[in-house]
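Some notes on the structure that comes next.
The values are calculated or read from the model by the stated rules, or taken from the named source; none is laboratory data. Owing to the predicted nature of the structure, the values given are computational and were not obtained by experimental measurement. All Cβ positions, even for glycine, are placed from backbone atoms using ideal geometry, and neighbour counts span all protein chains on display. Ligands, DNA and RNA are stripped out before the accessible areas are found, and what is left, the full protein with its side chains, is counted by its heavy atoms. Shrake-Rupley method; radii C 1.70, N 1.55, O 1.52, S 1.80 Å.
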Amino acid sequence: MRRRSPTNVSAELMEKGGGKNQHNRLCLLASLSAFFWILLLYFHFVVLAGSTVDKSVKLDPTPLNPESKTPAFVIDNRLPDNPSKSSPSTSETIPSNATPSSTETTPLETTSTSSQKIEKFPFIRALRTVENKSDPCGGRYIYVHDLPSRFNEDMLKECRSLSLWTNMCKFTTNAGMGPPLENVEGVFSNTGWYATNQFAVDVIFSNRMKQYECLTNDSSIAAAIFVPFYAGFDIARYLWGHNVSRRDAASLDLVDWLMKRPEWGIMQGRDHFLVAGRITWDFRRLTDEESDWGNKLLFLPAAKNMSMLVVESSPWNANDFGIPYPTYFHPAKDADVFTWQDRMRKLERKWLFSFAGAPRPDNPKSIRGQIIDQCKNSKVGKLLECDFGESKCHSPSSIMQMFQSSLFCLQPQGDSYTRRSAFDSMLAGCIPVFFHPGSAYTQYTWHLPKNYTTYSVFIPEDDIRKRNVSIEERLGQISPEQVKIMRDNVINLIPSLIYADPRSKLETLKDAFDVAAQAVIDKVTRLRKNMIEGRTEYDNFVEENSWKYALLDEGQREVGGHEWDPFFSKPKDGNADSGGSSAEAAKNSWKNERRGQS
């Protein structure tokens, strides 16, 4: 039946002299019609839009941690089209159209088609946890893999095999902090000080993770996924006297285990991270030659997707990130940190500068010999020689006492770019003096300010090596007022450079673990948003320039020439990652560790 228009109906009723009942019927029909259209519009704009479009709109402005110093992460353009068989159902795997698009589109468009595409990303639920304002863990959840014990705890049961020259059993006690230090000379606080091994981060970090306030058993809401593999302890067992198969065995086993997990299929491991308390060069063997150094964990295709936190990262690779070496101080509560900071501010410091270390006569490029000579020839310089097992150099009390009595602490390269001494000195409120940007500035970008002049002094190696610049004169030119400002800045950094007691949790302060965990979360969150928006973080990303990206200013997308380029030029053989100087540096660091135990 063809519907008559309201106009015609009214005309007919008038012609028939429609009475009161006819008028009521007309009003009822009009009301029902209006109600029908209102209901239809409500369902379309409120119900449907509320379940798709509104959520998409809310997702875009989700803020990252405003205090985070983490560099933006670069999305891999080669997302696999065929997720692993162990992935969740087809609707939850990464869609084949998840790769960045070359066409410019409005981020998270509010069309129903766009919303449906967004819904296909398997990590959307995790991103949207931040929208629940009543949940303090929204956007911060971490899921921890329950690895077989052979990847972690079993190593501790066989602690005597973790080092050829050091009995690591005592250093793995107290959740990785080692035995308590006695405060006989009054150098330390009465509590919170331990004889911590510089390579114990594997255990310390994993135990700190157990105290993390936003752990979850639901991986679908996790902002990041932690892999508690003791990678540093694993390689330490087999570096000397073992073939490459033995050195690689646990790493290959781990990757095989992870790739069979449904959590891996969500992002092919790009939301996974692990920690190794050794330098990156121990995990970057380029060839399968028995004479080549280390294992190949960081060169495994699957491991390239994960993030690995190490005490020294590679300037030329994008899958590792530097975190602080552990110091001797592991406070259990905020008050312990505040008390220590106040004490460091009030100390009288009689030495202008100091240095604790040994020469490197076998390394013609090392400036340590010249630094030692300058210390010996200066009336305001203090030297603690560490060669051939000098007992004081291996005494935490002697080292910290010297740092506490110095305004500046010299931190040249060791066998590799970095050294634990830099963190011990800053813990003592001593302003570090670096001679290579790879010793701190390009390493610990999550934990140290980008403006290095606020807390440190930089003297290029060539100023010492070729121009014989006087360290005493250079440091003496800094005004007392500026020295005080820099020292205060160093002391203010202390909380973020130390690892709190893994058996407790600081209340208001963020320690090195907290900073690193948030940085990983920010990195994964940024990667996920880039995938949704179909974009990359940087233009023309070049992995060999990885060290530059963390130094970019806000909004920069492309790197160019940098004043530090000469410091990071690779050898002509192109094998600086593992061959040549880097592998040799790693090997020398082990020799030095052996010498230190003699």
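So which pairs qualify, if the first residue must be in region 463-489 and more than 19 Å from Leu347 (Cα to Cα) and open to solvent by less than 70 Å² (accessible area, probe 1.4 Å), the second must be among the aliphatic types (A, V, I, L, M) and in a helix (DSSP H, G or I), the Cβ gap must be under 7 Å, and the two must be at least 6 apart or on different chains?
Ile464/Ile371
Given the options Gly192, Gly176, Gly232, Gly277, name the one that is at positive phi and out of contact with any His (no Cβ under 6 Å at 6 or more places or on another chain).
On the way: Gly192 fails: out of contact with any His (no Cβ under 6 Å at 6 or more places or on another chain); Gly232 fails: at positive phi; Gly277 fails: at positive phi.
Just one listed residue meets the conditions, Gly176.
Leu258 is checked against (1) open to solvent by less than 10 Å² (accessible area, probe 1.4 Å); (2) closer than 25 Å to Met168 by Cα; (3) in a helix (DSSP H, G or I); (4) not β-branched (Val, Ile, Thr) and fails just one. What number does that condition carry?
With respect to (1) open to solvent by less than 10 Å² (accessible area, probe 1.4 Å); (2) closer than 25 Å to Met168 by Cα; (3) in a helix (DSSP H, G or I); (4) not β-branched (Val, Ile, Thr), Leu258 is out only on (2).
Quickly run through region 184-198 and pick out the residues that are of a type in the set (Gly, Ala, Ser) and within 12 Å of Tyr328 (Cβ to Cβ). I'd like the intermediate steps shown before the answer.
Of all residues in region 184-198, those of a type in the set (Gly, Ala, Ser) come to 186, 189, 192, 195.
Correct list: Ser189, Gly192, Ala195.
For every residue, the table says whether it meets (1) among the hydroxyl-bearing types (Ser, Thr, Tyr); (2) touching a helix residue (DSSP H, G or I) at 6+ places or on another chain (Cβ under 7 Å); (3) assigned to a loop (DSSP other than H, G, I, E, B).
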| residue | (1), (2), (3) |
| --- | --- |
| Gly438 | no, yes, no |
| Tyr444 | yes, no, yes |
| His447 | no, yes, yes |
| Lys450 | no, no, yes |
| Ile464 | no, yes, no |
| Leu475 | no, no, no |
| Leu493 | no, yes, no |
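Going by what's in this entry, would Trp351 be described as open to solvent by less than 10 Å² (accessible area, probe 1.4 Å) and more than 25 Å from the chain's Cα centre (by Cα)?
Against the criterion (open to solvent by less than 10 Å² (accessible area, probe 1.4 Å) and more than 25 Å from the chain's Cα centre (by Cα)), Trp351 does not qualify.
Search region 166-182 for residues being open to solvent by less than 20 Å² (accessible area, probe 1.4 Å) and assigned to a loop (DSSP other than H, G, I, E, B), and hand back the single one that is modelled with the lowest pLDDT. Please lay out each step first, then the result.
Residues of region 166-182 that are open to solvent by less than 20 Å² (accessible area, probe 1.4 Å), as a first pass: 166, 168, 176-178.
Remaining after also requiring assigned to a loop (DSSP other than H, G, I, E, B): 166, 168, 177-178.
Details: Thr166: 84, Met168: 91, Met177: 97, Gly178: 97.
By that ranking, first place goes to Thr166.
Tally the residues that are open to solvent by less than 50 Å² (accessible area, probe 1.4 Å), assigned to a loop (DSSP other than H, G, I, E, B) and not aromatic (Phe, Trp, Tyr), restricting the search to region 523-567.
Within region 523-567, residues that are open to solvent by less than 50 Å² (accessible area, probe 1.4 Å), assigned to a loop (DSSP other than H, G, I, E, B) and not aromatic (Phe, Trp, Tyr) number 8.
Among the residues of region 451-474, write down those that are under 32 Å from the mean Cα position of the chain (by Cα) and small (Gly, Ala, Ser).
Ser456
If I filter region 232-252 for residues that are in contact (Cβ under 8 Å) with a residue 12 or more places away in the chain, in a helix (DSSP H, G or I), out of contact with any helix residue (DSSP H, G or I) (no Cβ under 8 Å at 6 or more places or on another chain) and open to solvent by 20 Å² or more (accessible area, probe 1.4 Å), do I get at least one hit?
Taking every residue of region 232-252 in turn, at least one turns out to be in contact (Cβ under 8 Å) with a residue 12 or more places away in the chain, in a helix (DSSP H, G or I), out of contact with any helix residue (DSSP H, G or I) (no Cβ under 8 Å at 6 or more places or on another chain) and open to solvent by 20 Å² or more (accessible area, probe 1.4 Å).
Taking region 354-387 as the search range and keeping residues that are of a type in the set (S, T, N, Q) and surrounded by 16 or more Cβ atoms within 10 Å (Cβ to Cβ), which one is nearest to Gln404 (Cα to Cα)?
As a first pass, look at region 354-387 and keep what is of a type in the set (S, T, N, Q): 354, 363, 366, 370, 374, 377-378.
Add one more test, that the residue is surrounded by 16 or more Cβ atoms within 10 Å (Cβ to Cβ), and what stays is 354, 363, 366, 370, 374, 378.
On the way: Ser354: 10, Asn363: 30, Ser366: 26, Gln370: 23, Gln374: 20, Ser378: 19 Å.
Only one residue tops the list, namely Ser354.
Checking Ser395 against (1) touching a Phe, Trp or Tyr at 6+ places or on another chain (Cβ under 8 Å); (2) free of Cβ contacts under 8 Å to residues at least 24 places away in the same chain; (3) polar (S, T, N, Q): exactly one of these is not met. Which one?
Of the numbered conditions (1) touching a Phe, Trp or Tyr at 6+ places or on another chain (Cβ under 8 Å); (2) free of Cβ contacts under 8 Å to residues at least 24 places away in the same chain; (3) polar (S, T, N, Q), the odd one out for Ser395 is (1).
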